[in-house]
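> Take a look at this one; I'll ask things after.
Read-outs throughout are calculated quantities, based only on the coordinates presented, and are distinct from any laboratory measurement. Model, not experiment: these values are computed from the prediction. FYI the Cβ positions are ideal-geometry reconstructions off the backbone, even for glycines, and counts take in every protein chain you see.
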Amino acid sequence: MSSKEKILAAVRASQPALQPLPDVNDIAAVQFENNVAQFTAVLNSIGGLVVNATHTDAIKEYVKNNFAEGINGITTVAKLNDFPLLSTETEAHLLANIDVAILPAKMGVAENGAVWLTEAEYGIRALPFICQHLIVMLQQHTIVQNMHEAYKKINKEQYGFGVFIAGPSKTADIEQSLVLGAHGPESMTVFILP
Amino acid sequence: MNVGLFIPCYVNQFYPQVAIATLQLLEKFNCKVGYPLQQTCCGQPMANSGYEKLSQGCNELFTENFAGFDYIVCPSGSCTLHIKDHLHSHKDEKTAASIRGKVYELSEFLVDILKVEEVNAVFPYRVGVHQSCHGQRGLHTSQMSELVAAPFSKINQLLNKVQQIELVQLNRVDECCGFGGTFCVAEEAVSARMGQDRVADHEKNNVQVITGGDMSCLMHLEGILRRKKSNVVVKHIAEILNAG
Amino acid sequence: MFIVIRLNHSPLTIHHRPLPIHIIMTHNATHPQLATAFNKDEARVGWHDETLWWVRQKRDKAAWALPEWEQLRDTASAIKQNVLSNLHDYLVQFEQQALANGVKVHWAADAKEHNEIVHSILQQHNVTQIVKSKSMLTEECGLNEYLANNKVEVIDTDLGERIVQLANEHPSHIVLPCIHWKKEEIGELFHQHLNTPEGNADPKLLTAAAREHLREKFLTRKIAITGVNFAVAETGEFVVCTNEGNADMGAHLADVHIACMGIEKIIPKREHLGVLLRLLARSATGQPVTTYSSHFQQPNAGQEMHIVLVDNGRSVQLGREDFRNSLKCIRCGACFNTCPVYRRSGGHSYHTAIAGPIGSILAPNLDMKKYADLPFASTLCGSCSNVCPVKIDIHNQLYKWRQVLTEEGHSPKSKTVAMKVMATALAKPGLFKAGGKMMRWVLKYMPWLVNNKMNAWYKQREMPAPPEQSFTEWYKKNRT
């Protein structure tokens with residue numbers, strides 16, 4: 001008998017009578033009056049920064065004002081003419097010297113300040129993790145209340161790789177002192193756009 | 001109503017004043033109290049040590065002793081919980097089941113069954129409440145800090161009726177004292193440290209008297225208080241409710 | 001660190017920090033012995049307790065921010081109960097979906113097979129240096145030791161895990177691996193290993209040094225191992241949660257990603273992630289969600305992705321009616337942080353990969369003899385069950401393990417004798433009363449004095465002062 005057969009047989013012999021699966025729609029989740037305000041408050045409280053903007057020009061302005069001249073900024077958003085467009089064919093290891101990456105999110109979650117990104121949209125899997133600073137573009141109307149709504153929206157989508165990101169890379173492993181930029185980005189800025 | 005007084009073995013031997021206060025208190029509230037003289041112990045010491053099987057003799061004795069009462073009341077949440085959860089009888093399971101359903105810890109009996117509105121007690125001291133785990137988390141005599149639920153405390157509800165008492169808010173409202181039955185000797189170092197930390201919380205908040213519903217926890221805290229020659233004393237809730 | 005161990009059941013003497021687990025395992029020290037050693041440094045115990053209590057308070061705050069918290073726990077518990085009752089079919093479904101997604105799936109009956117599978121993948125690719133993000137399963141299986149013996153270098157990339165790895169220790173907490181380390185000690189460790197300035201204990205500087213050190217590893221290693229938080233039967237995807245992003249750095253930059261998971265990590269549907277992710281980080285650290293919740297559904301272009309499904313005693317535990325629901329655990333560590341015993345004895349006193357209350361009900365399933373002490377390392381206060389996001393009745397299971405261990409003969413003979421004497425005395429009121437003078441009776445039978453030298457109580461606590469008469473005596477005089 002293979003290990004697979006052995007394990008499955010043992011599990012079948014051991015498992016109890018079928019228990020019903022609960023309906024996640026029964027959860028009476030707290031409702032936020034203002035998704036944007038909630039999203040902003042939470043993300044700001046966990047080390048991220050939210051900028052409300054009317055136009056993508058604000059991103060260019062922000063980068064100019066907050067990062068040294070000549071920084072290595074790239075994007076995978078074709079319509080952002082201000083930054084070099086990254087080819088999705090780029091070898092991931094070469095991204096280690098990317099200072100700022102500007103990526104599109106598909107959704108934001110008000111309850112926890114997370115944004116949802118999928119590989120298909122943003123290009124190269126490693127990018128939001130390997131860059132020094134992460135800038136995310138989020139359309140205001142895509143912000144949902146909570147994770148239940150988020151998964152409803154994701155539904156059956158096939159994405160290869162998808163990730164919720166809530167703030168910069170962080171650690172508190174040394175005496176519970178919070179340090180930003182453990183391995184990934186030291187900062188995360190979300191531009192909420194109309 | 002006909003109440004059987006169930007006194008934990010160590011209370012009987014070490015803290016007769018707690019048993020007396022419990023008895024007098026129940027009598028004040030017009031209960032007809034009987035005290036079966038043949039009672040010994042609930043069997044928890046064996047059971048918590050992994051020898052529940054050996055507690056059968058205790059169980060049979062307990063079932064015999066407390067067969068005829070409307071309610072059984074005990075000044076200990078821990079012993080009450082043990083009876084509620086583990087009392088079984090080979091000879092008379094029907095009676096054992098009925099006892100499991102009508103055994104009460106003192107404060108829950110006063111609040112839930114007698115629905116006590118007034119206690120004629122005076123206790124002019126700063127009092128810290130030690131929430132004993134088995135009463136609190138086992139019998140739900142008060143809300144637990146881990147749960148997201150409305151607060152309540154049967155002990156505090158009763159103590160708030162005592163005149164001139166000042167109830168003190170602790171930094172950690174319901175942390176275990178570290179007694180834990182045989183744990184207190186099997187894990188001596190951790191047990192003592194837990195007790196010391198509890199005592200420190202009360203002392204930091206200028207408590208004069210530590211009270212609670214379980215004399216075993218209070219005995220543990222008292223052992224630590226006396227070792228460090230503290231002025232803080234322990235009193236079972238029955239003693240306070242019966243004071244003045 | 002300097003360690004002196006005296007055997008023959010005398011207390012262990014240690015300096016500095018708790019014993020590394022490999023030393024503990026060699027010497028069969030028990031929880032009380034190791035906890036006694038930990039308690040020698042009183043200030044350190046206070047610091048350890050306060051640090052973890054602070055995490056517990058953060059958890060409380062996060063829970064109270066959601067009025068639906070208890071409903072979420074009920075739902076999560078029910079989801080996991082369903083999983084355990086239908087695990088066979090979910091495993092089959094998960095494998096099918098994962099295979100269809102282009103993932104290679106392996107089945108390991110035990111720790112040994114798990115380690116061999118991982119090693120064989122490394123051999124196929126001629127790789128002898130790998131990175132690994134946090135996986136308590138690989139700790140449970142002793143993967144690092146196994147690979148080291150096979151001349152493979154494993155770099156743990158979670159900062160806390162890297163710290164304990166550099167110190168040749170194991171994690172003392174499943175979420176906060178080096179919670180027992182002070183920053184000054186980490187400064188010293190990093191000075192030795194990563195050339196940070198001597199005497200510098202600034203967490204920012206130390207983290208930056210680790211970032212630089214580990215970035216080089218991420219960029220050069222060809223194979224990355226990660227753990228798995230949840231695996232979805234419906235979609236064949238698995239989710240890995242980290243705050244540092246180390247799992248992603250490893251997995252996305254490697255040619256081969258190996259994800260190792262216990263078979264109980266399966267959940268039925270993607271929508272159930274919503275419930276469990278809402279609970280996980282809030283319970284663990286009080287964060288609303290971990291920084292990264294990464295959903296791996298298909299291999300990266302040009303990459304190989306493997307999943308190793310590991311039983312290692314889980315199917316046995318599933319068959320133990322009283323203990324099966326310990327398999328609901330999502331490894332948040334909330335029961336560690338709330339446990340008054342854990343906070344004052346340290347993770348290494350549990351001498352097993354998964355410490356704390358949950359470890360104490362999991363470990364005896366793997367080896368009753370070796371872990372017979374753990375279910376007794378608790379006062380049964382019940383706080384663990386109350387914080388558990390999937391509502392495992394941990395303290396009830398501790399009680400039940402005590403009964404099982406005793407029945408299976410893993411209790412010391414002296415204890416059995418003492419218990420029998422006590423049981424006989426307490427079952428017979430005649431004997432109870434004939435026990436002689438009260439103090440003699442008490443010293444003979446009182447529960448806290450049984451099976452131990454009486455001075456275990458007296459060491460740090462006064463004995464209760466014996467009254468003039470027992471209540472029974474008073475009652476006879478006054479009421480009958």
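> Using modelled amide H (1.01 Å from N, peptide plane; none on Pro or chain starts), what sits under 5 Å from the amide H of C:T196, excluding residues fewer than 5 places away?
C:H191
> Let me ask you something else. What shape does segment A:8-143 have by the C-alpha gyration tensor, where a ≥ b ≥ c are the square roots of the eigenvalues, rounded means a/c under 1.5, and otherwise prolate means a/b greater than b/c and oblate the rest?
Working: a/c = 2.95, a/b = 1.59, b/c = 1.85.
Since a/c reaches 1.5 but b/c is at least a/b, the shape of segment A:8-143 is classed as oblate.
> Compute the angle between helix B:77-86 and the longest alpha-carbon principal axis of chain B, please, reported from 0 to 90 degrees and rounded to the nearest 10.
Compared with the principal axis, the helix lies near 30 degrees.
> Would you mind ranking C:I394, C:I121 so that the residue whose beta carbon has the fewest other beta carbons within 10 Å leads the list? If you can, show how the numbers build up before the last one.
Numbers: C:I394 27, C:I121 20.
Ordered by Cβ neighbours within 10 Å, fewest first: C:I121, C:I394.
> Suppose R0 equals 56 Å. What FRET efficiency, 1/(1 + (r/R0)^6) with r the Cβ-Cβ distance, do C:E212 and B:A149 give to the nearest 0.05?
The computed FRET efficiency comes out at 0.75.
> Nearest 5 is fine: what % of DSSP beta bridges in segment A:1-156 come out antiparallel, could you say? Let's see the in-between values first.
Details: 3 of 14 bridges.
Within segment A:1-156, antiparallel bridges account for around 20 percent of the total.
> How about C:K476: which lysines have a C-alpha closer than 22 Å to its C-alpha, ignoring those fewer than 8 places off in the same chain?
Straight-distance partners of C:K476: B:K28, B:K32, C:K428, C:K433, C:K437.
> Unpartnered cysteines of chain C (Cβ-Cβ under 4.7 Å counts as a partner)?
Isolated Cys, chain C: C:C141, C:C178, C:C241, C:C260, C:C329, C:C332, C:C339, C:C388.
> When the dipole is taken about the Cα centre of the protein assembly as shown, and only Lys, Arg (+1) and Asp, Glu (-1) are charged at their Cβ, what size is it in debye, to the nearest 20?
Values: 89 positive and 91 negative charges, 627 e Å.
In debye, rounded to 20, the protein assembly as shown gives about 3020.
> Which links in A:K153/C:K58; C:K104/C:K132; C:K58/C:K391 stretch past 25 Å when you go from one Cα to the other? Write down the numbers at each step before the final one.
Values: A:K153/C:K58 30 Å; C:K104/C:K132 18 Å; C:K58/C:K391 19 Å.
Checking Cα-Cα distances, A:K153/C:K58 exceed 25 Å.
> Once the cut-off is 22 Å, how many percent of the Cα-Cα pairs in segment B:126-241 end up in the long-distance tail?
Values: 1886 of 6670 pairs.
Looking at segment B:126-241, the distances longer than 22 Å represent 28 percent of pairs.
> For chain A, find the longest principal axis of its Cα atoms and tell me its angle to the long axis of helix A:35-45, 0 to 90°, nearest 10.
Taking the Cα atoms of chain A, the angle to A:35-45 is about 80 degrees.
> Also, quick follow-up: Sort C:398-410, A:175-187 for me by packing, meaning the mean count of neighbouring Cβ atoms within 10 Å per residue, highest on top. Each step should come with its number before you reach the end.
Details: C:398-410: 19.0, A:175-187: 21.4.
For the peptides C:398-410, A:175-187, the packing ranking is A:175-187, C:398-410.
> Per residue, how much space in cubic angstrom lies within the convex hull of the C-alpha atoms of segment C:181-248? Intermediate results must be reported in sequence, preceding the final value.
Values: hull volume 7.3 nm³, N = 68.
Per residue, the Cα convex hull of segment C:181-248 comes to 108 Å³.
> For the residue pair A:Q19 and A:N155, what label-to-label distance in nm results when each label sits 7 Å from Cα along the Cα-to-beta-carbon direction?
My value for the distance between the label points is 3.1 nm.
> Additional query: Helix C:356-366 against the longest principal axis of chain C: what's the angle in degrees, Cα atoms only, rounded to the nearest 10?
The helix C:356-366 is inclined about 80 degrees to chain C.
> Could you tell me the center-to-center distance, by alpha carbons, between segment B:53-73 and segment A:15-46 in angstrom?
For segment B:53-73 versus segment A:15-46, the Cα centre distance is 48 Å.
> Looking at the protein assembly as shown only, what percent of DSSP beta bridges run antiparallel? Nearest 5 please.
On the way: 24 of 92 bridges.
Taking every DSSP beta bridge with both residues in the protein assembly as shown, the antiparallel ones total about 25 percent.
> Below 8 Å between Cα atoms, with a sequence gap of 6+, how large is the relative contact order for segment B:126-241 in percent?
Working: 179 pairs, mean separation 36.3, N = 116.
Over segment B:126-241, the number comes to 31 percent.
> May I ask you to derive the FRET efficiency for C:L205 and A:N65 from their Cβ-Cβ distance with R0 = 30 Å, giving the value to the nearest 0.05? Don't jump to the answer; show the numbers that get you there.
On the way: r = 27 Å, r/R0 = 0.91.
Approximately 0.65, to the nearest 0.05.
> Over chain B, what is the relative contact order in percent, taking alpha-carbon pairs closer than 8 angstrom and at least six residues apart?
Details: 441 pairs, mean separation 49.9, N = 244.
That works out to 20 percent.
> For peptide A:142-153, compute the average count of partner chain beta-carbon atoms within 10 Å of each residue's beta-carbon. Write out the running numbers ahead of the final one.
Working: counts 0, 0, 0, 0, 4, 11, 6, 1, 4, 8, 3, 0.
Whole-number average of other-chain Cβ neighbours for A:142-153 is 3.
> Based on DSSP H runs of at least 4 residues, each adding -39500 (n - 2.57), what is the mean residue ellipticity at 222 nm of chain C after dividing by all its residues, to the nearest 500 deg cm²/dmol?
-15000 deg cm²/dmol
> Given the rule -39500 (n - 2.57) for each run of at least 4 DSSP H residues, summed and divided by the residues of chain B, what is its mean residue ellipticity at 222 nm, to the nearest 500 deg cm²/dmol? Working shown, then result.
Details: 11 runs with 99 residues, N = 244.
Rounded to the nearest 500, it is -11500 deg cm²/dmol.
> So what is the relative contact order for chain C, in percent, with contacts set as C-alpha pairs under 8 Å and at least six apart?
Values: 770 pairs, mean separation 93.8, N = 480.
Once divided by the residue count of chain C, the mean separation gives 20 percent.
> Take the residue pairs A:K6/C:K369; C:K61/C:K400; B:K53/B:K91; B:K53/C:K400; A:K170/C:K183 and return only those whose Cα atoms are more than 20 Å apart. Let's see the in-between values first.
Details: A:K6/C:K369 25 Å; C:K61/C:K400 32 Å; B:K53/B:K91 15 Å; B:K53/C:K400 12 Å; A:K170/C:K183 17 Å.
Over 20 Å Cα-Cα: A:K6/C:K369; C:K61/C:K400.
> Determine which lysines satisfy two conditions relative to B:K228: a Cα distance under 25 Å, and not lying fewer than 8 residues away in the same chain.
Reachable lysines: B:K204, C:K40, C:K453, C:K459.
> Counting other C-beta atoms within 10 Å, which of C:M261, C:M419 has the fewest, and how do the rest follow? Spell out each step's value before the answer.
Numbers: C:M261 22, C:M419 25.
The order, fewest Cβ neighbours first, is C:M261, C:M419.
> Mind checking which lysines have their Cα closer than 18 Å to the Cα of B:K235? Skip sequence neighbours fewer than 8 apart in that chain.
In chain and number order, the partners are B:K154, B:K161.
> So, in Å, what gap is there between the alpha-carbon centers of segment C:183-224 and segment C:32-78?
Rounded to whole Å, the Cα centres lie 28 Å apart.
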